[in-house]
Amino acid sequence: MPDDIVIESARQLIGARFTNTSPILPRNETLHDFLLTRLGARDHEVFAVILLDVADRLIEYVELFRGDIAGAPAYPREVLKWVIATRATAVLVAHNHPSRCANPSYNDIATTRRLNEVLGCINVALRNHLIVGDTIVSLRDRGVF
């Protein structure tokens, strides 16, 4: 069986568990599996937003920005548009590093702090920023914000 078929099957199986109204926790094993299969094997950076309701249940997963091998732009105003449109009260953001090294860059840290500041202005919580490589690194656990 070709690798692409196996990977797509895994994405579908994990995606079926990651559905609307599922409770999402920053260290949730299902969330990590979902992100590793969705973003982990990409050869370009993707910046995604996971929009949550007042009970931290999934409203929607959106891949907002696509970049190249070295980075992807992440504009807070675009994140805010989705937050307002979906009436989210909290968000998780995630992006991958095609190098498979999940250590945060200076830009990752600056983007996270800016998003936290902007979202705080409208009383929306940034639950975490997760970087996907061979593993997942939590910027909240690293004390970035």
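In the stretch 23-39, the residues that are surrounded by 15 or more Cβ atoms within 10 Å (Cβ to Cβ) reach residues that are at pLDDT 90 or above and polar (S, T, N, Q) with C-beta atoms within less than 6 angstrom, at least six apart or across chains, in these pairs: 26/128; 39/96. Summed over the stretch 105-126, residues that are surrounded by fewer than 19 Cβ atoms within 10 Å (Cβ to Cβ) and under 24 Å from residue 42 (Cα atoms) total 5.
The values are calculated or read from the model by the stated rules, or taken from the named source; none is laboratory data. As the structure is a prediction and not an experimental result, all values here were calculated from the model. Note: ideal-geometry Cβ built from the backbone for every residue, glycine included; neighbour counts use all protein chains shown.
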